[in-house]
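The values are calculated or read from the model by the stated rules, or taken from the named source; none is laboratory data. Since we're looking at a predicted model, the values are computed, not measured. Note that each Cβ is placed from the backbone with ideal geometry, even for glycine, and that neighbours are counted across all protein chains shown.
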């Protein structure tokens, strides 16, 4: 039986290893797609979806036109747009259907995943691989990668990777936290 500080240390070690395993070239290619997009749409299922929603919020704070797929105010996707998908497996049926539709409409697709050779990965214009476990792995395989259940390591690393990307975008766009605060919600 562990303690909370022991588990916290284990989680931080896992996250450090996963995040250090991300290719700088893949991350930069993803960033260039973001900067070149007319509009950015984010999608994910379950906990990965929460992480991509948080990313859309930060993109809006950066002044980039960002939307969350499925929201009532999300406009139609089209040519020149970018669909960003967070999916550990890269196989989620609804997300694969979205990626296929996006490609048919002339949009680009970017995927952050554990499985670059997945169905969505094969459709994507840019793929960032985060080393980790997915819920699809057998328990014994997953435990060799992470002490955490299911896709927790991927979902946490996804949020931290996307937040790191926001810092890189701030640098590239010459923005500060103060300038971003001007776009923060003010009807709270």
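Residues in the stretch 127-183 that are on the phi > 0 side of the Ramachandran plot and modelled with pLDDT of 95 or more: 1 in all. Restricting attention to the stretch 25-46, the residues being assigned to a helix (DSSP H, G or I), without any contact (Cβ under 8 Å) to a residue 60 or more places away in the chain and surrounded by 17 or more Cβ atoms within 10 Å (Cβ to Cβ) number 0. The listed residues are 35, 83, and the only one of them that is closer than 15 Å to residue 126 by Cβ and out of contact with any strand residue (DSSP E or B) (no Cβ under 6 Å at 6 or more places or on another chain) turns out to be 35.
State the number of residues belonging to the stretch 102-123 that are more than 19 Å from residue 154 (Cα to Cα) and in contact (Cβ under 8 Å) with a residue 12 or more places away in the chain. Of the residues in that region, 8 qualify. Of all residues in the stretch 91-109, none satisfies being in a helix (DSSP H, G or I), modelled with pLDDT under 95 and more than 19 Å from residue 29 (Cβ to Cβ).
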